[in-house]
1. Add -39500 (n - 2.57) for each DSSP H run of 4 or more in the chain, then divide by its residues: what number comes out at 222 nm, to the nearest 500 deg cm²/dmol?
2. With no solvent and one equal point scatterer per Cα, compute the Debye intensity ratio I(q)/I(0) for the range 75-132 at 0.13, 0.16 Å⁻¹ and report its log10, rounded to two decimals.
3. Sorted from fewest to most neighbouring beta carbons within 10 Å, what does the list 203, 12 look like?
4. For the chain, with a Gaussian network of springs between Cα atoms less than 10 Å apart, report the residue from 39, 201, 170 with the top mean-square fluctuation.
5. Using the Kirkwood radius over C-alpha pairs as Rh, can you work out the diffusion coefficient of the range 118-157 via Stokes-Einstein at 20 °C, viscosity 1.002 mPa s, in µm² per second?
6. Mind jotting down a quarter of the surface of the convex hull over the alpha carbons of the range 12-153, in square nanometres, one decimal?
7. Could you please state, rounded to a whole Å, how far the C-alpha centre of the range 1-41 is from the C-alpha centre of the range 108-154?
8. One-quarter of the Cα convex hull surface for the chain, in nm²?
Ligand code: BDR
Ligand code: CA
């Protein structure tokens, strides 16, 4: 499976990157950075340093957009992901040069070079993907599918009461990506807040080699943040769950394909993903052919699968 990863590392982005590299069926061709948890330049450095740590420095990293489609970058989420985006952990600096083009340009180039093969996994704000659509209107026909960690269908938001962080950071980009007429799967907070790493998972990572220990040290910061939500040291598995939905390792047990609109207004609903789930009480959930597929739950707990992959890195 040929994959383009668009990300804002990001502690759970780092877990997702590790997961993809540990999966034998994933050919990770390109990583693009975007502002979100931190600025796009720092996110690109984090991605490059993580690739070096994981022994894959040859995978190219393209620096993406610092500003969102219509608004400037606002400083990220240091209270969640630490000041450097990866929990304050200092990684050995990778030395590989960044790709020549922007993340959007390199995504288009890659999709054109392997038409129909590329799977896009977006685990940050959707700015680069929207910019790529502006660069090449044929992109939807060149890409196999788009899987997104983002949004909240029936669950509360996390950035605001209504909006999830990735969509809230750039609602205009999300609206464009949802409306582009390609095969979009969204893995929202409804699914990701249910899958968690606990203290035992952190302990297992800290008892591993240097790669696992680095991830474990990052996770400590994430656990501190999630203490307020879960009442114990643990964390949600947002981005790695989206990666596992992409690979099929996380088997979806409940989904719906429905029209989804994004609130791009300036009110309290800005960034909300408004999914038309009025058919949800039918025996068979709605599968609107032109809709966005929303994942609500998976069949088995994901943490053991993720931990096994990360320990095999
Ligand atoms: C999403 O927002 C970011 O903080 C995480 O990396 C994840 O992609 C969760 O809402
Ligand atoms: Ca992310």
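Read the figures in this text as sums done on the coordinates, not as results from a lab. Small disclaimer: the values here were computed from a predicted structure and weren't measured. Using ideal geometry, Cβ is built from the backbone for each residue, glycine included, and neighbour counts are taken over all protein chains shown.
1. About -11000 deg cm²/dmol.
2. -0.53, -0.76
3. Values: 203 11, 12 28.
If I rank by nearby Cβ atoms, fewest first, I get 203, 12.
4. Ranking 39, 201, 170 by mean-square fluctuation puts 201 first.
5. Result for D is 188 µm²/s.
6. Numbers: hull surface 35.8 nm².
For the range 12-153, averaging the hull's shadow over all directions gives 9.0 nm².
7. Centre-to-centre (Cα) distance: 14 Å.
8. Over all viewing directions, the chain projects a mean Cα-hull area of 14.5 nm².
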